[in-house]
Amino acid sequence: QETKLWGGRFAEATDGLVELFNASVPFDQRLAEQDIRGSLAHVAMLGQVGILSGEEVGQIEEGLEAILEDVRAGDFEWRLDREDVHMNVEAALRDRIGPVAGKLHTARSRNDQVAVDFRLFTKEAALDLAAKTRALRAVMVGEAEKHLSSGAGEPVILPGYTHLQVAQPILLSHWFMAYAAMLERDEGRFRDAAERMDESPLGSSALAGTPWPIDRHATAQALGFARPTANSLDGVGSRDFALEFLSACAILSAHLSRLSEELILYSTFEFGFLTLPDSHTTGSSIMPQKKNPDVSELARGKAGRVFGNLMGLLTVVKGTPLAYNKDLQEDKEGVFDSYDTLSIVLRLYGDMLPKSTWHAAVTKAAAARGFSTATDLADHLARSGVPFREAHEVVGGLVGLASRTGRQLWDLTDEEVRAAHPQLSAEITRAMTVEESVKARQSYGGTAPEQVRAQAEAARTALS
Ligand code: ARG
């Protein structure tokens, strides 16, 4: 068995089960690129400040570059007994260039090494998810634009719900723009998080800084960070950058899960609002008729894992004293998992939504049922001077009458309507169509076609 890089004080070999339990290389090998970039920046700086000679720097750089090539080609041999990505790379460097490799770790600890690797990864992941979220937002805006004039040139009308009870008619495009608005904030959360984590912990060393005359500003700059972290204990001991990333992931997942729930419901036989594309649905091994919305169900289900990743790391961090504790090794898998999960869900929805077919006649008919224009009728009465509360009471009475007798508002006779209020008539109740209801909602941000078009145009401009 080879001696550990930290083996000096140990008289006995590591227990096999401990080695297995302790090792992070099965998952942190994913940080190999970041680890080598970090080492390259570190060694270049050691040369600049005169800690290492130009020749030593050259040898180490060459070795690291060769290792990076091996990693990229899949030729690198990851060894469990070398514990983690950092010691795998360093030991491989020693195998390759000999004892001079041991100079790389001057003025550095694995504590600041892992912190810088993981920040590099998480910052890139946050910016990547920001871009992918933006791409889905563009798809949502495209769908909103498309459905402003589908149904025979008319905007597609959808029942709007509260409590999952029909509330008021809305435009399908309005519904798409609501998700576009959520995604806009989701993107912003990833960008904000990326900006806040844009600090390099490299050079914090183990926890207290280092007596070596290092240049933290140089390494921060070389690695593309805005600046070095201001406190070495914080630099190696904090993981709120990962928590913030995971929390932005969790919120985005909540939004995608709500979308999923609506798509699952609306594509049922009972609702029949839309048909999901064959390419993004699956069948049943026993029931030949089945077409299941697996993508949406998984997107909804995986939100549970993504939330769990946030809760998991919050729980890991909460009891750890400053600065580094091995507990923090548990920070990575959840971040990788949330990143991978959302990367695929965002792409799937970007492909699936434009291929879904909305059934305008069905959604419009559904929007008209459930007394969805009762508010319009009350508003009509209130416009002629009746206090809104009284108008509400009157229309409520008409709804009760229609509902008890299995009718819609437009089925009520002129006598029945006039009896409820002299300023009402059957003609008026029949004029309360879903189209009129939607058109009337001209308040800023409302569902009237002009308003929704304005929302979509503003989003287009922001996206371009
Ligand atoms: N594999 C470790 C992690 O992921 C690297 C840092 C280890 N530092 C230490 N002093 N044991 O957190």
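Derivation of every value follows stated rules applied to the coordinates shown; laboratory data play no part. Note that this is a predicted model, so its numbers are computed, not measured. Cβ placement follows ideal geometry from the backbone for every residue including glycine, while neighbour counts extend to all protein chains displayed.
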Relative contact order for the chain: what is it in percent, counting Cα pairs under 8 Å that are at least 6 residues apart?
16 percent
Given only helices, namely DSSP H runs of n ≥ 4 each adding -39500 (n - 2.57), what is the per-residue ellipticity at 222 nm of the chain, to the nearest 500 deg cm²/dmol?
-20000 deg cm²/dmol
Alpha-carbon radius of gyration plus Dmax, which is the widest Cα pair, for the stretch 7-106 in Å
14.3, 43
Quick one: which residues, 5+ away or cross-chain, put their amide H under 5 Å from the amide H of Gly160? H built at 1.01 Å from N.
Ala167, Gln168, Ile170
Identify the GluC sites (Glu not before Pro) of the stretch 1-59 meeting these criteria: DSSP loop state and at most 14 other C-beta atoms within 10 Å of the C-beta.
Glu2, Glu12
Between the stretch 55-129 and the stretch 180-223, what is the C-alpha centre distance in whole Å?
19 Å
Cross-link reach from Lys326 to lysines, straight Cα distance under 30 Å and at least 8 residues apart if same chain, gives Lys4, Lys103, Lys123, Lys302, Lys318
Roughly how many debye, to the nearest 20, is the charge dipole of the chain about its Cα centre, given +1 on each Lys and Arg Cβ, -1 on each Asp and Glu Cβ, and no other charges?
1120 debye
In degrees between 0 and 90, to the nearest 10, how far off the longest principal axis of the chain does helix 388-404 point, with axes built from Cα atoms?
80 degrees
Are there chymotrypsin sites (Phe, Trp or Tyr not before Pro) in the stretch 379-460 that DSSP marks as loop and that have at most 16 other Cβ atoms within 10 Å, and which are they?
Tyr444
Among Met87, Val141, Leu64, whose Cα projects farthest towards the positive end of the dipole of the stretch 20-167, with charges put on the beta-carbon of Lys, Arg (+1) and Asp, Glu (-1)?
Val141
Rh (Kirkwood, all Cα-Cα pairs) for the chain, Å, reads 26.4 Å
Please report, largest first and rounded to whole Å, the three semi-axes of the ellipsoid equivalent to the stretch 368-452, where each semi-axis is the square root of five times an eigenvalue of the C-alpha gyration tensor.
22, 15, 11
How long are the semi-axes of the equivalent ellipsoid of the stretch 307-379, defined as square roots of 5 times the Cα gyration tensor eigenvalues? Whole Å, largest first.
48, 21, 7
Magnitude of the Cβ-charge dipole (Lys and Arg +1, Asp and Glu -1) of the stretch 368-452 about the Cα centre, nearest 20 debye, reported as 180 debye
Which lysines, if any, have their Cα less than 29 Å from the Cα of Lys439, not counting same-chain residues under 8 positions apart?
Lys146, Lys355, Lys364
Once both axes come from the Cα atoms, what is the angle between helix 374-383 and the longest principal axis of the chain, in degrees from 0 to 90, rounded to 10?
70 degrees
Estimated vicinal HN-Hα couplings, Hz - the stretch 3-12 in sequence order (Karplus 6.51, -1.76, 1.60; Gly, Pro = x)
6, 5, 5, 9, x, x, 8, 9, 9, 10
Spelling out what I want: for every residue of the stretch 132-137, take phi, set θ = phi - 60°, compute 6.51 cos²θ - 1.76 cosθ + 1.60 (Karplus), and round to whole Hz; glycine and proline get x.
5, 5, 4, 5, 5, 4
Once both axes come from the Cα atoms, what is the angle between helix 172-196 and the longest principal axis of the chain, in degrees from 0 to 90, rounded to 10?
20 degrees
Identify the trypsin sites (Lys or Arg not before Pro) of the stretch 336-407 meeting these criteria: DSSP loop state and at most 15 other C-beta atoms within 10 Å of the C-beta.
Arg369, Arg407
Summarise the long-distance tail of P(r) for the stretch 158-314 by giving the % of C-alpha pairs beyond 28 Å.
46 percent
Roughly what % of DSSP beta bridges within the chain run antiparallel, to the nearest 5?
80 percent
